[in-house]
Amino acid sequence: MKTLLAALALTLAGSAAAMGLDTETQAVIERYKPGKLVAIEDVAQLMRASERWCYRNEAHSCAWTDIYLEVSETGVTYEIGNAWDAETDVAFTDHGEFRDGRYVCETGYDWVPTVRATRRSDGSAIGGRLLAALKTEIYGNREGDTQDCFDYLYRAFDPDQEVVTLLQRQYVAGDHQPHMDVEVTLHFNAEDAAGLTWRW
């Protein structure tokens, strides 16, 4: 029995390594079980190592995505992308702050000037007056925005797809809002991540 358990442990420990994940990411994956709260330093490692995060993943179609550009001990800079409407995709750069060893929190950073937009039909860039009008529209929609915080529960790791699944929980004014919780898939394979799309 001890031999069998040891062999099983080695198999599980090697599953992440077999996919070519770095040592730090392997260690994070191997120490979590479904439903366990992920410490923010481990969330940070997953941010560094992953190619893209997909929220509400439906057959590689995402409600929105994150790409983590810079991750430090205190916070993160990231690019968010999503469909703005049936004709337009947008992407912009925002900042988050790590707090209490658990949360990543919005900072109130004015990200609207960083907005880039493309046409969903052909991927061509939108600029000039059209982009300026879009930014004005976005500012109007941001009125009353709160600076929320988020934490993460571990759900699963798919070694074949190189995908970690987490549950993102949202807190408004310090209170958990269960109806705002969302499942997110973390994609570590660059080719797989490049195939993710935004749906409207």
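Every residue, every condition in (1) exposed (fewer than 13 other Cβ atoms within 10 Å of the Cβ); (2) touching a residue at least 12 places away in the same chain (Cβ under 8 Å); (3) more than 18 Å from the chain's Cα centre (by Cα), yes or no:
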{"residue": "89", "(1), (2), (3)": "no, yes, no"}
{"residue": "92", "(1), (2), (3)": "no, yes, no"}
{"residue": "102", "(1), (2), (3)": "no, yes, no"}
{"residue": "114", "(1), (2), (3)": "no, yes, yes"}
{"residue": "125", "(1), (2), (3)": "yes, no, yes"}
{"residue": "134", "(1), (2), (3)": "no, yes, yes"}
{"residue": "147", "(1), (2), (3)": "yes, yes, no"}
{"residue": "187", "(1), (2), (3)": "no, yes, no"}
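From the residues in the range 24-40 that are assigned to a helix (DSSP H, G or I) and touching a strand residue (DSSP E or B) at 6+ places or on another chain (Cβ under 8 Å), which one is nearest to residue 155 (Cα to Cα)? My answer is 29. When the range 160-200 is filtered for residues that are more than 20 Å from residue 144 (Cα to Cα) and among the aliphatic types (A, V, I, L, M), the ones remaining, listed by number, are 163, 164, 166, 167, 182, 184, 186, 190, 193, 194, 196.
Here the condition is being acidic (Asp, Glu), closer than 18 Å to residue 165 by Cβ and within 16 Å of the chain's Cα centre (by Cα); of 51, 79, it holds for 51 alone. Being part of a strand (DSSP E or B) and farther than 16 Å from residue 150 by Cβ is a property that holds for residue 81.
Could you please find all residues in the range 65-79 being buried (at least 16 other Cβ atoms within 10 Å of the Cβ) and out of contact with any strand residue (DSSP E or B) (no Cβ under 6 Å at 6 or more places or on another chain)? Show your work before the answer.
Looking only at the range 65-79, we keep the residues that are buried (at least 16 other Cβ atoms within 10 Å of the Cβ), and these are 65-68, 71, 75-76, 78-79.
Matches in the range 65-79: 71 only.
Every residue in the range 161-175 that is among the charged types (D, E, K, R) and either buried (at least 16 other Cβ atoms within 10 Å of the Cβ) or touching a residue at least 24 places away in the same chain (Cβ under 8 Å) (or both), please. Listed by number, the residues that qualify are 162, 169.
Since every read-out is calculated from the coordinates, none of them should be taken as a lab result. Here the structure is a predicted model, which means the values were calculated and not measured. When we count neighbours, we look across all protein chains shown, and the Cβ atoms used for this are built from the backbone with ideal geometry, even at glycine.
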